[in-house]
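A quick write-up on the structure given underneath.
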Amino acid sequence: MEIAGFVVLVLFLAFVTLGVVATVKTVRAARRGVARASAQARRTIEDTQLKARRYTTTGPAGQVAQLRIDLRTAIDSTFRALEHDPSLTEAAALMARLNDHARTLDRELALLEREPDRARLAALLPELSTRAHRITHSADSLRWAAQDRAHQFASDDLTALRHQIDIESAALRHWEPTAPPKLSPTAE
């Protein structure tokens with residue numbers, strides 16, 4: 001009887017432990033999901049505000065908003081182009097480094113967007129614009145190279161497939177007429 005009680009206690013503790021572990025994992029996954037969703041919502045709101053500022057603000061402040069939009073668009077588009085091909089790990093690593101520079105510049109531009117001294121903003125804008133164009137051009141270059149690579153592989157694969165289909169089609173169409181089998185006299 002004591003052994004049965006001990007076995008029941010061990011099973012009970014095992015189920016409780018499994019329940020606690022499952023609950024903790026579920027809560028962590030839910031927190032990650034909420035954090036990801038809230039980050040996406042913040043990003044969407046900020047992008048919408050930037051687009052609104054681009055149209056409503058004139059002068060250097062409007063140009064800063066446009067630079068931020070261009071920068072974000074180039075970076076996001078390049079990440080999307082690179083994410084579908086796992087063989088582009090080196091390009092993805094370079095893109096991650098470029099993204100660090102883009103984030104730094106985006107933070108600087110965000111601070112300058114609220115700069116009350118328009119003369120200071122106008123003086124800093126050419127250098128920031130040059131940096132932004134260098135980053136966007138680099139991101140565009142990576143994206144275009146990845147797109148060209150994907151196009152070339154698709155074209156090469158299509159050419160090889162077409163060649164294989166031509167061979168198979170020729171094989172299917174190639175036949176020689178055969179004489180009907182002769183019946184043996186014993187078969188009758």
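The values are calculated or read from the model by the stated rules, or taken from the named source; none is laboratory data. Because the structure is a prediction, the values reported are computed rather than measured. Neighbour counts are summed over all protein chains in view; Cβ atoms, including those assigned to glycine, are modelled from backbone coordinates with ideal geometry. Accessible surface is based on the protein model in full, side chains and every heavy atom, while ligands, DNA and RNA are left aside. Shrake-Rupley method; radii C 1.70, N 1.55, O 1.52, S 1.80 Å.
Region 82-173: D in µm²/s via Stokes-Einstein (Kirkwood Rh, Cα pairs, 25 °C, 0.890 mPa s)?
In µm²/s, the coefficient rounds to 146.
After finding the eigenvalues of the alpha carbon gyration tensor for region 79-120, what semi-axes result from the square roots of 5 times each, listed largest first in whole Å?
Each semi-axis is the square root of five times an eigenvalue, giving 33, 9, 5 Å.
Grab the beta carbon distance between residue 47 and residue 23, set R0 = 35 Å, and tell me the FRET efficiency rounded to 0.05.
For R0 = 35 Å, the calculated efficiency reads 0.45.
Based on a Kirkwood Rh over C-alpha pairs, give the Stokes-Einstein translational diffusion coefficient of the chain at 37 °C and viscosity 0.692 mPa s in µm²/s.
141 µm²/s
Would you mind telling me the share, in percent, of accessible area of the chain contributed by carbon and sulfur at probe 1.4 angstrom?
62 percent
GNM on the chain, C-alpha springs below 10 Å: top fluctuator among 140, 100, 157?
Fluctuation is largest for 157.
So what's the Cα pair-distance distribution over region 4-59, bin width 5 Å, in %?
4, 16, 10, 11, 8, 7, 9, 6, 7, 5, 4, 4, 3, 2, 2, 1, 0
For the chain, with only Lys/Arg (+1) and Asp/Glu (-1) charged at the beta-carbon, what is the dipole magnitude about the Cα centre, in debye rounded to 20?
1080 debye
Hey, what do the phi angles of region 130-137 turn into as Karplus ³J(HN,Hα) couplings, whole Hz, using 6.51/-1.76/1.60 and θ = phi - 60°, x for Gly and Pro?
4, 4, 4, 5, 5, 5, 5, 5
With loop defined by DSSP as not H, G, I, E or B, and exposure as at most 10 other Cβ atoms within 10 Å, which is the longest segment of the chain clear of exposed trypsin sites (Lys or Arg not before Pro)?
1-113
Could you do me a favour and compute the accessible area per residue for region 3-49, 1.4 Å probe, result in Å²?
Normalised by residue count, the accessible surface of region 3-49 is 86 Å².
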